[in-house]
Amino acid sequence: MGTPLGIASFAKAFENKAIFTANELATDEDFWGQIRAQYLLKPDYINLENGYYNFLPQPLLNKFIEHIKEVNLQGSYYMRTVQFENKKKITERLAKLAGCSADELIITRNTTEALDLVIGGLDWKVGDEAIMAYQDYGAMLDMFEQVQDRYGVKRVMLSVPNHPENDDEIVQLYARAITSKTKAILVSHMINISGQILPIKKICEMAHAKGVQVIVDGAHAFAHIQFTIDDLGCDYYAAALHKWLSTPLGAGMLYVRKGNANKVWPLLADGEKDKNKINRLNHTGTHPVHTDLTINDSIDYFEIIGAERKEARLRFLQNYWTEKVRHLPKIIVNTPADPNRSCAIANVGVEGIDPAELAKRLLKEHQIFTVAIDYANVRGCRICPNLYTSTQELDYLVKALLQLSKNV
């Protein structure tokens, strides 16, 4: 198809495929070729780094531009009349999608801001301990380092294996690190450098039985894999919306379990004095409200696709290429083979090639854009396809990896 579908036609395309299961539709390249037409793609390279920022398909970009124009037209009138009411409505809808109450959720600017609100806002005491993994996102580890320097909190570091045998191996890894001084655990729902999905619900059940709170980094999980926050049972959950929900840059969310808001000091003071209300944590000053408005359109788009169909397609794409290279000489896949332990994201390395050099050669020699990862026992390039990615592009990736592995 030469031009993007409008939203109505986009919805109709999925309605016409309603008779197919999510797994059946996941393999239909002709159908997903229509979805690919929704995106304006640079011809210079194959983009397999959709994890940092999952740019908008054209229908959502057009909605975003409309919101920019409307807010610019109304100016201060918009900001002083309907700004907060609109944000409240969008928060309510986002909470429904996330599977929690609206009074437990706020819209932030990204995952880092959301998690830092909690990490920096808890009432730490000298000698408190916090458990985290070397595989957690660097910005969060940096924030805990600051908390350590400022309050005398001890960081207890552990390493998550790339290929665990079962959930219990992961749960016990965290359980063994808990002491009488442990105040909180930071854990990634989906490890950003490898794509491994961790058993969050089981970790939370274990931690709560020991009186420990759990802070979950869900940057890559939300709108990527199916779950509800209520079912996870965590105390705090943060996610980026400009990743897998495909909102404009500068949108994230923070969930604070009911009864926990009064345990967190706001980063910026707010006029709300009731410490039990989550909105007291949400003072960001004047910010790009047109981004907030586009969250509503992104939810529309996501719901048209359907969570089950999206997850099935993303998992199919990852398995499509990893199954072709996982057992080949000199190629190392740093992501579990168990389909329940990963979805779109995977990490691949080539023996004898430094990750930075591998990323450089993939781009220079094969026009494939990725990102190099070289820490926390994960050495390779992170591969993040999106719904628009074709199997033809992934075939090209496999071919490139084979060539590189034979010419080390």
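Values quoted throughout were computed directly from the atomic coordinates according to the rules given, and no laboratory measurement underlies them. All figures in this text were calculated on a predicted structure; none of them were measured in a lab. So basically every Cβ, Gly included, is an ideal-geometry build from the backbone, and we count neighbours across all protein chains shown.
Some values worked out for this structure:
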{"item": "Value of relative contact order over the stretch 294-408, rounded to a whole percent, pairs C-alpha under 8 Å and six or more apart", "result": "26 percent"}
{"item": "Alpha-carbon Rg/Rh ratio, for the stretch 63-300, with Rh computed the Kirkwood way", "result": "0.98"}
{"item": "Net charge, K277 excluded, C-beta distance under 12 Å - Lys, Arg +1, Asp, Glu -1", "result": "-1"}
{"item": "Residue-averaged 222 nm ellipticity for the chain, from DSSP H runs of 4+ at -39500 (n - 2.57), nearest 500", "result": "-13000 deg cm²/dmol"}
{"item": "Under 5 Å, built H, 5+ apart or other chain: amide partners of I331", "result": "E351"}
{"item": "Alpha-carbon centroids, the stretch 256-313 and the stretch 390-404: separation in whole Å", "result": "38 Å"}
{"item": "Under the Karplus curve 6.51 cos²θ - 1.76 cosθ + 1.60, θ = phi - 60°, whole-Hz ³J(HN,Hα) for the stretch 105-110, x wherever Gly or Pro sits", "result": "10, 10, 8, 10, 9, 4"}
{"item": "Residues K69 and E165, FRET efficiency given R0 of 56 Å [Cβ-Cβ distance, rounded to 0.05]", "result": "0.55"}
{"item": "Extension reserve of the Y52-T27 stretch, reckoned as 0.36 nm per residue once the Cα distance is removed", "result": "6.5 nm"}
{"item": "Only Lys, Arg (+1) and Asp, Glu (-1) charged, at Cβ; the stretch 65-166 dipole about Cα centre in debye", "result": "440 debye"}
{"item": "Amide H partners (placed H, <5 Å) of D354, local residues excluded", "result": "none"}
{"item": "Loop-located trypsin sites (Lys or Arg not before Pro) in the stretch 230-299 whose Cβ has at most 16 other Cβ within 10 Å (DSSP)", "result": "K258, K273, K275, K277"}
{"item": "Rg over Rh, two decimals, the stretch 205-244 (C-alpha only, Kirkwood Rh)", "result": "1.03"}
{"item": "Additional length obtainable on full extension of the chain from E365 to E303, 0.36 nm per residue less Cα span", "result": "18.5 nm"}
{"item": "Dipole moment magnitude, nearest 20 debye, the chain about Cα centre, only Lys, Arg, Asp, Glu C-beta charged", "result": "400 debye"}
{"item": "Coil-residue trypsin sites (Lys or Arg not before Pro) of the stretch 49-143, DSSP, other Cβ within 10 Å capped at 16", "result": "K125"}
{"item": "Amide H within-cut-off set for C381, under 5 Å, with H built and near neighbours excluded", "result": "V348, G349, I373"}
{"item": "Cβ charges +1 (Lys, Arg) and -1 (Asp, Glu), total dipole of the stretch 296-408, debye", "result": "420 debye"}
{"item": "Part-to-part distance (alpha-carbon centres) for the stretch 327-377 and the stretch 1-62, which is given in Å", "result": "25 Å"}
